[in-house]
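Peer 1: Below are the structure tokens for one structure; questions will follow.
Derivation of every value follows stated rules applied to the coordinates shown; laboratory data play no part. Here the structure is a predicted model, which means the values were calculated and not measured. Every residue, glycine as well, gets a Cβ built from its backbone with ideal geometry; the counts of neighbours run over all protein chains shown.
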Amino acid sequence: MIISASYRTDIPAFYGDWFMNRLRAGYCMVRNPYGGQAARVSLSREDVDGFVFWTKDLRSFGGQLPEIRDRAYPFVIQYGINGLPKELEPCVPDAQESAKLLREISGAFGKRVCVWRYDTVVISSLTPPDFHLRNFERPARALSGSTDEVVISFLHPYKKTVRQMDNAARRFGFEWRDPPAEEKKMLAAALAQIARSQNIQLSICAQREFLVPGAADAHCVDAKRLSELAGRKISAGSKGHRKTCGCYESRDIGEYDTCLHGCAYCYAVNDAALAAQRFREHDPTSEFLFESAADQPRGPGRRQDTSLPLFPEEAP
């Protein structure tokens, strides 16, 4: 089983202590975001083939990676480094600082561990296509030799994403738009050429309609990459999170409405105030990332120690 930590929230940035406590305990509890059922997920070495960490800030969690390695868990880091204006990414670390940290992690653990994410590509009056060409080239040059892949995706116009982008646009006085497919393809092709000049493969996440020559279909949860890092074959189904997703099957242990980065384009936070409240109430010693009253054990016995089936396909 591959564990995803997490495309629902940034566990390394905000909940690293909780993750390490659960790793040492050998399991965590996860709530189905659509039905509310609680499931026990084993984190034992016997059951876990590897981890995929998703983050925009690895400054504190980076110090935990040696212990994870020493426990013989292979892992891949999907590291978001966008360098977008604060109007779009108010609480994300400086891109140059993040690129420096990725280079250090690559040097310590190997470049196959690190996947750069330039995600999400937002077209706005603050970030027109020409902005992205300049903005993408700087980290591409800085990360050359430290990673072999960069993953991009264009903003998905989900209802809550559109609402949040509209709110940010009104607050900060900018305009944004969802470009036509041909414009996205032209930008993807230009970004792929820049990446290729630095020996980095550009791949596109869950948007196969924008694949262009030089770009690949992204496998963000990649059993083949993890197999190489583990030195053995890891078998996993090809079931992704969405119909056009190229990920291998995994179990995500995060929870929506718990990330504090505040990105205007985010699909994982519907209510920023709720996310802040949950962070304040977070207990790093709990079995759950966020424990509600319904999660408390009832009666004299403990919660049943079983695992439920994988959650159904998630569509943010």
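Peer 1: Fully extended, how many nm does the chain gain between Glu228 and Thr285 (0.36 nm per residue separation, minus their Cα-Cα distance)?
Peer 2: 17.2 nm
Peer 1: Roughly what % of DSSP beta bridges within the chain run antiparallel, to the nearest 5?
Peer 2: Bridges in the chain that DSSP calls antiparallel: roughly 15 percent.
Peer 1: Once you place label points 7 Å from the Cα toward the Cβ at Ala216 and Arg69, how far apart are they in nm?
Peer 2: Spacing of the two 7 Å Cα→Cβ label points: 2.3 nm.
Peer 1: Limiting things to C-alpha atoms, what are the Rg and the maximum Cα-Cα separation (Dmax) for the stretch 44-92, in angstroms?
Peer 2: In Å, with Rg to one decimal and Dmax whole: 14.0, 44.
Peer 1: Now, a different point. Give, to the nearest whole percent, the P(r) tail of the stretch 95-152 beyond 15 angstrom, counting all Cα pairs.
Peer 2: When all Cα pairs of the stretch 95-152 are counted, 49 percent exceed 15 Å.
Peer 1: Spelling out what I want: for every residue of the stretch 2-8, take phi, set θ = phi - 60°, compute 6.51 cos²θ - 1.76 cosθ + 1.60 (Karplus), and round to whole Hz; glycine and proline get x.
Peer 2: Working through the residues one at a time gives 9, 9, 9, 9, 7, 7, 8 Hz.
Peer 1: Take each of the peptides 221-228, 49-56, average the number of other beta-carbon atoms within 10 Å over its residues, and list them starting from the highest.
Peer 2: Details: 221-228: 21.2, 49-56: 23.5.
Ranked by mean Cβ neighbours within 10 Å, highest first: 49-56, 221-228.
Peer 1: Suppose the Debye formula is applied to equal point scatterers at every Cα of the chain; what is log10 I(q)/I(0) at q = 0.06, 0.09 Å⁻¹?
Peer 2: Listed by q, the Debye log ratios stand at -0.19, -0.44.
Peer 1: Under 15 Å between alpha carbons: how many lysine pairs meet that in the chain, if sequence neighbours fewer than 8 apart on the same chain are excluded?
Peer 2: 6
Peer 1: Calculate, for Arg177 and Arg59, the FRET efficiency according to 1/(1 + (r/R0)^6) with r their C-beta to C-beta distance and R0 41 Å; round to the nearest 0.05.
Peer 2: For Arg177 and Arg59, the calculated efficiency is 0.75.
Peer 1: Can you tell me the 0 to 90 degree angle between the C-alpha axis of helix 16-25 and the longest principal axis of the chain, rounded to 10?
Peer 2: It is inclined by approximately 40 degrees.
Peer 1: Next up: Nearest 0.05, what FRET efficiency do Arg163 and Met1 give at R0 = 45 Å with Cβ-Cβ as r?
Peer 2: So, using R0 = 45 Å, E works out to roughly 0.80.
Peer 1: Just how large is the dipole of the stretch 153-195 about the Cα centre, in debye to the nearest 20, putting +1 at every Lys and Arg Cβ and -1 at every Asp and Glu Cβ?
Peer 2: Rounded to the nearest 20 debye, it is 260 debye.
Peer 1: Where does helix 159-172 land angle-wise versus the long Cα axis of the chain, in degrees 0 to 90, nearest 10?
Peer 2: Value to nearest ten degrees: 60.
Peer 1: Given a Förster distance of 45 Å, report the FRET efficiency between Ser42 and Gln96 from their Cβ-Cβ distance, rounded to the nearest 0.05.
Peer 2: Efficiency, from the Cβ-Cβ distance: 0.70.
Peer 1: Kindly list the residues of the stretch 130-144 that lie in the label zone of Met186, defined by a backbone N under 16 Å from the point 7 Å along the Cα-to-C-beta vector.
Peer 2: Answer for this model: 130-134.
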